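A.B. asks: Dropping a structure here in structure tokens format, bear with me for questions.
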Amino acid sequence: MDIKYIGMDVHKEAISIAVMNGDGKLVMESIIETKAITILQFIRGLRGDLHVTFEEGTWAAWMYDLLKPHVTRVVVCDPRKNALLKEGNKSDKIDARKLADLLRGGFLRSVYHGENGIRTLKELSRCYLTISKDLTRVMNRIKALYRGRAIPCGGAQVYAPRHRSEWLGKITDVGVRRRAEYFYQQLDGLQALRHAARRDLLVESRKHSATKLLRQIPCIGPIRAALLIALIQTPHRFRTKRQIWTYSGLGLETHDSGQYRYIEGQLQRSRKAQQLRGLNENHNHDLKNIFKGAATRASSRPGPFHDFYEALLAKGMKPTMARLTVARKMAAITLIIWKKGVSFDAKHLKQQAA
């Protein structure tokens, strides 16, 4: 079969393209404009099974949706894992060639891009999370402004509109007071935007059947359920619970070496314990915050997860490790319920330990 491996180095104005055949021979190079019609014209001019790759970035989602119906396979690769691109000379053409070669050899680590059916919820969740982070930054700036003048500002009263004039009166410097007024205006605007984004996110999440299933899990409310659907998209991308732990930043990273040795002519595995290096660093930070926040809340209020948490403490486990175990258990239960379409049952906590 005539297979072609196409590497694309995508930029704002132009795309450098390299095409290799199954034997690794470079058969075509081209530079085209970054426009949908130009890209599709180039792809339609090629014959055979087309395998395309480009790096994850600003244009990745748009490129994926554009090319998916017209080629055999699209691989959006993780740029942090492409070590070959850092070696030797670097240019757009060279990077396109290297991407095509890595695709041909199967050495690319793909980044998951879901179907169009979840795209609206994904964009709304991204909007909600971004506004929430901006709101937190503004709140921190307001408190930092008061602390910088040795004015105690504990609690949330400093943000309340009815106490605002009282707090502004504590600032004697005219310029600093004006700066605080701008921060308060920004805070009011972001709070209104966050409320609107939250409303749209909840309305869109109700269109997905998984929302009702996930909300049965203790401490997984409507917002967390909506964000889980948007971030995970489909549970079938994870074959086992360990894969969702790694994606959520809850997987344990181990380092080991010299695992085997010969004793009296027999190969034996070393009894040296594996060395733990903490949790994996390459993960989805928003998903980790969801599971950690839900686990912290579930550990402090009555319910099945609280009983599970107390049982771990009774065995001598440290509170931090116990909360991590609860978060891992929540992630595993989320995967089970969503994959099988079953209701939450406290018996899930009595299965294999997280």
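The values are calculated or read from the model by the stated rules, or taken from the named source; none is laboratory data. Model, not experiment: these values are computed from the prediction. FYI the Cβ positions are ideal-geometry reconstructions off the backbone, even for glycines, and counts take in every protein chain you see. With ligands, DNA and RNA removed, areas are computed over all heavy atoms of the protein, side chains included. Shrake-Rupley method; radii C 1.70, N 1.55, O 1.52, S 1.80 Å.
A.B. asks: Expressed as a rounded percentage, what relative contact order does the stretch 86-213 have, with Cα pairs under 8 Å and six or more residues apart?
C.D. replies: For the stretch 86-213, the relative contact order is 33 percent.
A.B. asks: Enter the accessible area per residue of the stretch 43-113 (Å², integer; probe 1.4 Å; all protein chains in place).
C.D. replies: 55 Å²
A.B. asks: Under a 1.4 angstrom probe, counting protein chains only, how are 188, 23 ranked by accessible area, largest first? All intermediate terms of the calculation are to be shown ahead of the outcome.
C.D. replies: Working: 188 65, 23 135 Å².
The ordering from most to least exposed comes out as 23, 188.
A.B. asks: Could you tell me the relative contact order of the chain? Use alpha-carbon pairs under 8 Å, at least six residues apart, and round to a whole percent.
C.D. replies: 12 percent
A.B. asks: Something else now. If one takes the longest principal axis of the Cα atoms in the chain, at what angle in degrees, from 0 to 90 and to the nearest 10, does the Cα axis of helix 222-232 lie?
C.D. replies: 20 degrees
A.B. asks: May I ask which residue of 270, 220, 3 lies farthest towards the positive end of the charge dipole of the chain, with charges of +1 (Lys, Arg) and -1 (Asp, Glu) on Cβ and the Cα centre as origin?
C.D. replies: It is 220.
A.B. asks: Relative to the Cα centre, what is the charge dipole magnitude of the chain, using +1 at the beta carbon of each Lys and Arg, -1 at the beta carbon of each Asp and Glu, and rounding to the nearest 20 debye?
C.D. replies: Once rounded to the nearest 20, the dipole reads 1440 debye.
A.B. asks: Measure out, as a whole number of angstrom, how far apart the alpha-carbon centroids of the stretch 225-245 and the stretch 89-105 sit.
C.D. replies: One Cα centre to the other: 31 Å.
A.B. asks: Which pairs in the list 86/329; 272/340; 143/207; 35/288; 68/329; 133/212 are over 31 Å apart, alpha-carbon to alpha-carbon? If you can, show how the numbers build up before the last one.
C.D. replies: Numbers: 86/329 39 Å; 272/340 39 Å; 143/207 39 Å; 35/288 36 Å; 68/329 35 Å; 133/212 27 Å.
The pairs that break the limit, which is 31 Å between Cα atoms, are 86/329; 272/340; 143/207; 35/288; 68/329.
A.B. asks: Which whole-number value in Å² is the accessible area per residue of the stretch 174-284, probe 1.4 Å?
C.D. replies: On the way: 6960 Å² over 111 residues.
For the stretch 174-284, the per-residue accessible area is 63 Å².
A.B. asks: Tally up the carbon and sulfur contribution to the accessible surface of the chain as a whole percent, 1.4 Å probe, everything protein left in place.
C.D. replies: Percent of accessible area from carbon and sulfur atoms in the chain: 50.
A.B. asks: By per-residue mean of other Cβ atoms within 10 Å, what is the highest-first order of 212-225, 29-42, 326-339? Could you put the intermediate results ahead of the total?
C.D. replies: Numbers: 212-225: 18.4, 29-42: 13.3, 326-339: 22.5.
Order by mean packing, descending: 326-339, 212-225, 29-42.
A.B. asks: Show me the GluC sites (Glu not before Pro) within the stretch 250-321 that DSSP assigns to loop and that have at most 12 other Cβ atoms within 10 Å of their Cβ. Walk me through the numbers before you get to the answer.
C.D. replies: On the way: sites: 253, 264, 281, 310; in loops: 264, 281.
Those satisfying the criteria are 264, 281.
A.B. asks: Okay, moving on. Which shape class applies to the chain: rounded if a/c is under 1.5, otherwise prolate when a/b exceeds b/c and oblate if not, where a ≥ b ≥ c are the square roots of the Cα gyration tensor eigenvalues?
C.D. replies: Oblate.
A.B. asks: Of all GluC sites (Glu not before Pro) in the stretch 47-120, which ones are in loop regions per DSSP and have a Cβ with at most 14 other Cβ atoms within 10 Å? Before the final figure, lay out each step's value.
C.D. replies: Values: sites: 55, 56, 87, 115; in loops: 56, 87, 115.
Of the GluC sites (Glu not before Pro), the ones in loops of the stretch 47-120 whose Cβ has at most 14 other Cβ atoms within 10 Å are 87, 115.
A.B. asks: Angle, helix 319-340 long axis vs. longest principal axis of the chain, Cα atoms, 0 to 90°, nearest 10?
C.D. replies: With both axes taken from Cα atoms, the answer is about 60 degrees.
A.B. asks: Quickly rank 267-273, 5-11, 117-123 as a protection proxy: mean count of other C-beta atoms within 10 Å, highest first.
C.D. replies: Descending mean neighbour count gives 5-11, 117-123, 267-273.
A.B. asks: A further question on this structure: Using Cα pairs under 8 angstrom and six or more residues apart, how large is the relative contact order of the stretch 1-157, in percent?
C.D. replies: RCO, the stretch 1-157: 23 percent.
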